[in-house]
Amino acid sequence: MPGTGIDQRTDELRKIRDEVVALSISPLYAYRIENKYFPVIGEGDHEARIMFVGEAPGENEAKTARPFCGAAGRILDELLASIGLDRKTVYVTNLIKDRPPGNRDPEQAEIDLYGPFLERQIAAMRPRVIATLGRHSMKYIFEKYDLSSVLQTISKIHGKVFKGTAPYGEVTVVALYHPAVALYNNSMKGAMLEDFKIIKKYANDVGPGTTL
Ligand code: URA
């Protein structure tokens, strides 16, 4: 496949990885090095039509360089399994690529620094659907892809489908609760399972993102 084929995608994703690895200007870089952590770039099918965007790596992720590999990841796998999706068939990444100390919320300077790497991942992979996990990635994606006018709190817009404008054309955006929400409040699980059903419809659509 010329132009946007798997090799070009993988090359760009490797470039992004190398740049993030070398990102010594990051306010999170010293913390990474002191703790022998790794940045977490993303994982999954480079031709996936669905991309999940979480917030930032936690400790397990920073130790292994793999997104959502701790307790929140087990919830994510459960939510994916509920709609018959295997994690290998989607792509999972985060807005922030390094672990913030103590899992605090990302600061604006961190969002400004790491956000463009996420945008490059999206531009390289051209997902048809971007599913945000949590309010920070929701805000970032809605503001970048022309959805500021419909941005509300996550409790108001979770599970709804919006059509955003990505550099490569229309992209479907769905705001989902962060999987960790179910760890603190199990009564949210029902709503989260319900929201995931909307993703199933796109998982079964024909054709990878590149064909659009
Ligand atoms: N929470 C996130 O937002 N991302 C991860 O990778 C893990 C936990």
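Descriptive notes on the structure:
- Residue check for L193: open to solvent by 30 Å² or more (accessible area, probe 1.4 Å), touching a residue at least 40 places away in the same chain (Cβ under 8 Å) and of a type in the set (A, V, I, L, M, F, W, C): yes
- Flag if Y168 is of a type outside the set (G, A, S), open to solvent by 10 Å² or more (accessible area, probe 1.4 Å), under 23 Å from L80 (Cβ atoms) and over 15 Å from the mean Cα position of the chain (by Cα): no
- Listed by position, the helices (runs of 4 or more DSSP H) contained in segment 1-105 that have at least 1 residues being open to solvent by less than 30 Å² (accessible area, probe 1.4 Å), under 26 Å from V171 (Cα atoms) and free of Cβ contacts under 8 Å to residues at least 40 places away in the same chain are 6-21.
- Restricting attention to segment 191-212, the residues that are more than 19 Å from the chain's Cα centre (by Cα) and at pLDDT below 80 total 6.
- When F162 is tested against (1) away from the ligand (no atom under 16 Å from the Cβ); (2) in contact (Cβ under 8 Å) with a residue 24 or more places away in the chain; (3) in contact with a Leu (Cβ under 7 Å, 6 or more places away or on another chain), only condition (2) is not met.
- In segment 106-134, the residue that is farthest from the ligand (Cβ to nearest atom) out of those that are open to solvent by 60 Å² or more (accessible area, probe 1.4 Å) and not in a helix (DSSP H, G or I) is R126.
The values are calculated or read from the model by the stated rules, or taken from the named source; none is laboratory data. Fair warning: this is a prediction, and the values are worked out from it, not measured in the lab. Cβ: placed from backbone, ideal geometry, glycine included. Neighbour counts: every protein chain shown. Calculation scope for accessible area: heavy atoms of the full protein, side chains included, ligands and nucleic acids excluded. Shrake-Rupley method; radii C 1.70, N 1.55, O 1.52, S 1.80 Å.
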